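In what follows, a single structure is set out as structure tokens and then discussed.
The values are calculated or read from the model by the stated rules, or taken from the named source; none is laboratory data. It should be emphasised that the depicted structure is a prediction, and the values quoted were computed from it without experimental measurement. When we count neighbours, we look across all protein chains shown, and the Cβ atoms used for this are built from the backbone with ideal geometry, even at glycine. Accessible surface areas use protein heavy atoms only, side chains included; no ligands, DNA or RNA. Shrake-Rupley method; radii C 1.70, N 1.55, O 1.52, S 1.80 Å.
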Amino acid sequence: MIRIFAFLLLFISSVSAQIRPGQLWPDTDGQHINAHGGGVLFHKGQYYWYGEIKGKNSLAEVGVSVYSSRDLKTWKNEGIALKVSEDPNSDITKGCVMERPKVIYNAKTKKFVMWFHLELKGQGYAAARTGLAVSDSPVGPFVFQKSLRPNAGKWPLNFEEEWKNPRAGEDTLKWWTPNWYTAVKEGLFIRKHIEGGQMARDMTLYVDQKGKAFHVYSSEENLTLHIAELNDTYTDFTGRYITVAPAGHNEAPALFYQDGWYYMITSGCTGWDPNAARSFRAKDMLGPWEELGNPCVGEGAELTFKSQGTFILPVQGKKNAFIFMADRWNPKNHIDGRYIWLPIQMEGGKPKIYWKDEWDLEVFDKKR
């Protein structure tokens with residue numbers, strides 16, 4: 001009887017250790033995890049998962065959640081990391097849009113720094129701002145500092161000198177025409193927003209091998225990605241940034257580093273509907289970046305397995321072990337959005353993602 005009981009415990013433990021993409025994922029209280037568009041920070045032996053607290057719709061009525069885990073499967077709800085404000089004059093007043101929160105730790109200041117995509121209440125997606133909040137603890141409370149459009153008055157590092165001057169008739173070009181695409185690639189929207197700062201929507205944060213932090217965001221009406229350097233405290237922009245894939249219509253950036261290369265996985269722009277992922281690589285965060293194609297393989301690859309990426313999570317204690325985190329959005333009931341977590345493997349210098357109904361971290365110890 002004792003042996004049977006022990007076997008059952010081992011069986012239950014092994015089953016509970018499985019990650020099941022697309023299934024309900026209960027926290028330690030039995031509630032489906034509410035951390036959408038999220039990212040994960042590892043600090044002092046603990047993972048912290050931050051994400052959007054969703055209700056029936058996409059508006060921010062509560063704020064940003066945080067969950068903690070030691071095994072990446074069992075998550076404890078640590079509460080609200082950043083609350084929306086009750087002040088109607090606050091940029092983060094209840095009813096605004098707060099998306100894709102990411103947190104990094106600054107070892108010099110010993111502060112936890114959160115950036116997120118912010119849209120002001122009642123303005124739809126016109127504001128296109130990024131918001132900053134800071135905390136002394138990974139679970140918060142984070143204190144909102146400011147919101148802005150990045151790099152006002154600054155030109156990209158990979159911008160041609162002749163592109164700085166407006167062209168006659170550029171504001172009347174018809175969208176999606178060949179001449180319009182050329183104009184976008186040659187700085188149409190950069191020039192338009194140079195004084196007030198560049199638009200910033202879907203975003204992520206990345207800290208490189210030397211501790212330099214970068215804010216990566218979809219800009220120029222979601223047409224072009226920007227990779228922007230943050231200052232030493234991670235709380236502002238240095239003015240050094242580049243454009244990636246101008247007019248390529250990329251959003252949902254997520255990054256990792258392996259064997260001397262930085263890799264980035266993005267999505268196309270089709271609202272809440274899934275599309276095919278894209279991938280890029282570079283030797284330096286500030287480029288140049290080369291496109292590698294769709295990293296997803298097999299049935300469902302053309303729609304990223306009905307999901308959209310949000311973060312790439314390095315697994316601690318395992319070499320070259322990365323998890324592609326994605327959301328399967330449910331615009332009819334946002335709180336029921338599911339999470340698609342899948343292991344990344346490298347093939348011929350390119351990241352590849354295969355669907356798995358269930359898996360565990362031992363997959364990184366095996367060769368395909």
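Run the simple label-point estimate for Lys356 and Glu170 please: 7 Å along Cα→C-beta, distance reported in nm.
Rounded to a tenth, the inter-label distance reads 4.8 nm.
Output the antiparallel fraction of DSSP beta bridges having both residues in the stretch 247-350, as a percent to the nearest 5.
DSSP beta bridges in the stretch 247-350 are roughly 100 percent antiparallel.
Taking the chain as the reference, fit the longest principal axis to its C-alpha atoms, fit the long axis of helix 2-16 to the helix C-alpha atoms, and give the angle between the two in degrees, 0 to 90, nearest 10.
Computed tilt is about 10 degrees.
Could you give the distance between the Cα centres of the stretch 232-285 and the stretch 78-133, to the whole Å?
Value for the Cα centre distance between the two parts: 20 Å.
Once neighbouring chains are kept in place and the probe is 1.4 Å, which whole percent of the accessible area of the stretch 117-218 is contributed by carbon and sulfur?
Carbon and sulfur: 51 percent of the exposed surface of the stretch 117-218.
So what is the accessible area of the stretch 271-347 per residue, in Å², with the probe set to 1.4 Å?
I get 43 Å² per residue for this part.
Give, as a single signed number, the net charge of other residues whose beta carbon lies under 12 Å from the beta carbon of Lys102, with Lys and Arg counted +1 and Asp and Glu -1.
With Lys, Arg at +1 and Asp, Glu at -1, the net is -2.
Could you list, in their original order, any pairs among Lys76/Lys212; Lys306/Lys352; Lys146/Lys332; Lys108/Lys210 whose Cα atoms are separated by more than 20 Å?
Beyond 20 Å: Lys76/Lys212; Lys146/Lys332.
Once you put a point 7 Å from the Cα of Glu291 and another 7 Å from the Cα of Glu86, both along the Cβ direction, what distance in nm separates them?
Calculated label separation equals 5.0 nm.
Please list, ordered by chain and number, the residues whose modelled amide H lies under 5 Å from the amide H of Ala127; skip anything fewer than 5 residues away on the same chain.
Amide H neighbours of Ala127: Leu120.
Amide H neighbours of Ala276 under 5 Å, at least 5 residues apart or on other chains, H built in the peptide plane: list them.
Gly268
Which one, Lys154, Lys94, Lys210, has the greatest fluctuation when you compute a Gaussian network model over the chain with C-alpha springs under 10 angstrom?
Comparing Lys154, Lys94, Lys210 in a Gaussian network model of the chain, the most mobile one is Lys210.
Tell me which lysines have Cα within less than 18 Å of Lys185's Cα, excluding those fewer than 8 residues away on the same chain?
By straight Cα distance, Lys185 reaches Lys154, Lys164, Lys174.
Is the chain rounded, prolate or oblate when judged by the Cα gyration tensor, a ≥ b ≥ c being the square roots of its eigenvalues, rounded requiring a/c under 1.5 and prolate requiring a/b larger than b/c?
Prolate.
Excluding Ala213 itself, what net charge comes from residues whose Cβ is under 13 Å from its Cβ, given Lys and Arg +1 and Asp and Glu -1?
Residues close to Ala213 contribute a combined charge of +2.
By its C-alpha gyration tensor, with a ≥ b ≥ c as the square roots of the eigenvalues, how is the stretch 146-278 shaped: rounded for a/c under 1.5, else prolate for a/b larger than b/c, else oblate?
oblate
How big is the gap, in Å, between the Cα center of the stretch 154-202 and the Cα center of the stretch 322-368?
First find each Cα centre; the distance between them is then 35 Å.
Might you report the magnitude of the Cβ-based charge dipole of the stretch 47-167 about its Cα centre, with Lys and Arg at +1 and Asp and Glu at -1, to the nearest 20 debye?
200 debye
What FRET efficiency comes out for the pair Asp29/Asn57, r = Cβ-Cβ distance, R0 = 22 Å, nearest 0.05?
0.40
If you count only protein heavy atoms and use a 1.4 Å probe, how large is the accessible surface of Leu24, to the nearest 10 Å²?
Surface open to solvent at Leu24 totals about 100 Å².
Beyond 28 Å, what percent of the Cα pairs of the stretch 85-231 remain?
Considering the stretch 85-231, 27 percent of its Cα-Cα pairs are separated by more than 28 Å.
Subtract the Cα-Cα distance of Asp273 and Thr74 from 0.36 nm times their separation in residues, and report this length gain in nm to one decimal.
Answer, rounded to one decimal: 68.8 nm.
Using only the Cα atoms of the stretch 50-108, build the gyration tensor, take square roots of its eigenvalues as a ≥ b ≥ c, and label the shape rounded, prolate or oblate: rounded if a/c is under 1.5, else prolate if a/b is larger than b/c, else oblate.
In terms of gyration-tensor shape, oblate.
In whole percent, what relative contact order does the stretch 52-183 give with Cα contacts below 8 Å and a gap of six or more residues?
Relative CO of the stretch 52-183 lands at 16 percent.
First select every other residue whose beta carbon is under 14 angstrom from the beta carbon of Gln258; then total the charges, Lys and Arg +1, Asp and Glu -1.
Net local charge, Gln258 excluded: +3.
Can you find, among Gln258, Ala245, Gly268, the residue sitting farthest towards the positive end of the charge dipole of the stretch 203-271, where Lys and Arg contribute +1 and Asp and Glu -1 at Cβ?
The Cα lying farthest towards the positive end belongs to Gln258.
Along the charge dipole of the chain, pointing to its positive end and built from +1/-1 on Cβ of Lys, Arg, Asp and Glu, which listed residue (Leu230, Gly38, Ser137) has its Cα farthest out?
Ser137
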